[in-house]
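Structure, as structure tokens:
The values are calculated or read from the model by the stated rules, or taken from the named source; none is laboratory data. Predicted model, so just to flag it, every value in this text is computed and none were measured. Cβ placement follows ideal geometry from the backbone for every residue including glycine, while neighbour counts extend to all protein chains displayed. Heads up: the accessible areas ignore ligands, DNA and RNA and are worked out on the full protein's heavy atoms, side chains in. Shrake-Rupley method; radii C 1.70, N 1.55, O 1.52, S 1.80 Å.
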Amino acid sequence: MLGFLTGHESTWLPAALQLLRDQLPGAHVVVSSQVSPHLAVAISGGRMDAAFMRREEGASDLEFRLLAKEPLEVFMRNDHRLAAMSEIDPREIVNETFISVSGKALSGKGTAPALRVVIDRYLSDCRLHIRPSHEVDNLAGAMSLIDSTRGVALLPVYAKNLLSGPVTSRPLIDKAPTIDLCLGFKKTNESPLLKHLLSRLDELISRASSGTR
């Protein structure tokens, strides 16, 4: 089974399937889309061979190979005052309704999801004391709350794949925080599917970046 962080299937699934079909034409691949902490639990439990996911803390039995570094942007309604800006100073969100990733998403390890860690660290580095007004454990929930509460959220740019209706995004000024997208797998896994993906990781990254099928 191959796992994907929800929203990344359109970029990485076609490239991964093409590589696997080239070398393992008879392979039967089952695909599962979940939030990253749940992907880590599935891999640890032996229910999944590998996943396109975050570098989750506390997953000591997993290894991670970097695929990309994704910058975070500010997401808001397209009629929000911040949408008129080409770039946003993080201080502009201090008095806004702030939507964040849940620090209590079920990781199975008792640790916060990697995205929440990156968001909190960035705000701390900016010396901003912002407590979330709402917390969600998936991007669909974040988009819904942004729309219904007129709030703002810091999310990776790939969340643009899930934009719908009135929600838009703007980059942060200066150096934006980034979050790693990795191929995660269990250290002891000897799966042929996993070995093939790892042996052609650079090609996988190139195919996904260029949209090659």
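Under 12 Å Cα to Cα from residue 195, which aspartates and glutamates show up? Leave out anything in the same chain fewer than 8 places away. Partners found: 49. Taking amide H as placed 1.01 Å from N in the peptide plane, the amide H of residue 151 sits under 5 Å from none that are at least 5 places away or on another chain. Annotation for residue 163 and residue 210: the two label points, set 7 Å from Cα along the Cα-Cβ direction, are 2.7 nm apart.
The magnitude of the dipole of segment 148-213, with charges of +1 and -1 set on the Cβ of Lys/Arg and Asp/Glu and taken from the Cα centre, is near 140 debye. For the chain, a Gaussian network of Cα nodes joined below 10 Å ranks 72, 154, 17 by mean-square fluctuation, and the top entry is 17. Computed over protein heavy atoms with a 1.4 Å probe, the accessible surface of the chain works out to 48 Å² per residue.
Segment 48-74 and segment 1-46 have Cα centres separated by 13 Å.
Across the accessible surface of the chain, with the other protein chains kept in place and a 1.4 Å probe, carbon and sulfur atoms take up 49 percent.
Each Cα pair under 8 Å and six or more residues apart adds its separation to the average, and for the chain the resulting relative contact order is 35 percent.
The magnitude of the dipole of the chain, with charges of +1 and -1 set on the Cβ of Lys/Arg and Asp/Glu and taken from the Cα centre, is near 160 debye. For segment 69-175, the calculated P(r), taken from all Cα-Cα distances in 5 Å bins from zero up to the bin holding the longest distance, is 2, 13, 25, 27, 21, 9, 3, 1, 0 percent. For residue 57, the residues 5 or more places off, or on other chains, whose built amide H falls under 5 Å of its own are 114.
With unit charges on the beta carbon (Lys/Arg positive, Asp/Glu negative), name the residue among 181, 166, 126 whose Cα is farthest towards the positive pole of the charge dipole of the chain. Checking the options against the dipole of the chain, the answer is 181. Under 5 Å from the amide H of residue 67 lie the amide H atoms of 181, 182, 183, each residue being 5 or more positions distant or on a separate chain, with H modelled from the backbone and absent for Pro and chain starts.
Remark: the chain projects, on average over all directions, an area of 11.9 nm² (convex hull of Cα atoms). Applying the Karplus relation 6.51 cos²θ - 1.76 cosθ + 1.60 with θ = phi - 60° to segment 8-17 yields 3J(HN,Hα) values of 9, 4, 5, 8, 9, 5, x, 5, 5, 5 Hz, where x marks Gly and Pro.
Taking 71, 25, 177 in turn, the Gaussian network model of the chain (Cα-Cα springs below 10 Å) assigns the largest fluctuation to 25.
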